[in-house]
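The values are calculated or read from the model by the stated rules, or taken from the named source; none is laboratory data. This is a predicted model, so every value here is computed, not measured. Please note: Cβ atoms are built from the backbone with ideal geometry, for glycine as well, and neighbour counts cover all protein chains shown.
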Amino acid sequence: MTTVVTFRADSVLEAALEALMADGSDRTSVIREAVLAAARAKADDAVRAEALALGGDEQDRVEAQRILAEMESVRAR
């Protein structure tokens, strides 16, 4: 399914688009790549924030260390 998206580009955005199209890329490809890159960055930020939150959970870290130590003792046998 294809959806047409219309937006208003100011002079700053037009300059950015021109810079991104300097390699011969067309406007649609440049905008598509930019939207996908922004979505990936947002997902990465969410994962990073979750990792930081989990890393700050002292009880969870203690439990993880206990499990790792238990696994190591089983592996060493």
- Among (1) surrounded by 10 or more Cβ atoms within 10 Å (Cβ to Cβ); (2) at pLDDT 95 or above, where does Gly55 come up short? (2)
- Failed item, numbered, when Arg61 is tested on (1) exposed (fewer than 11 other Cβ atoms within 10 Å of the Cβ); (2) among the basic types (Lys, Arg); (3) in contact with a Gly (Cβ under 9 Å, 6 or more places away or on another chain): (1)
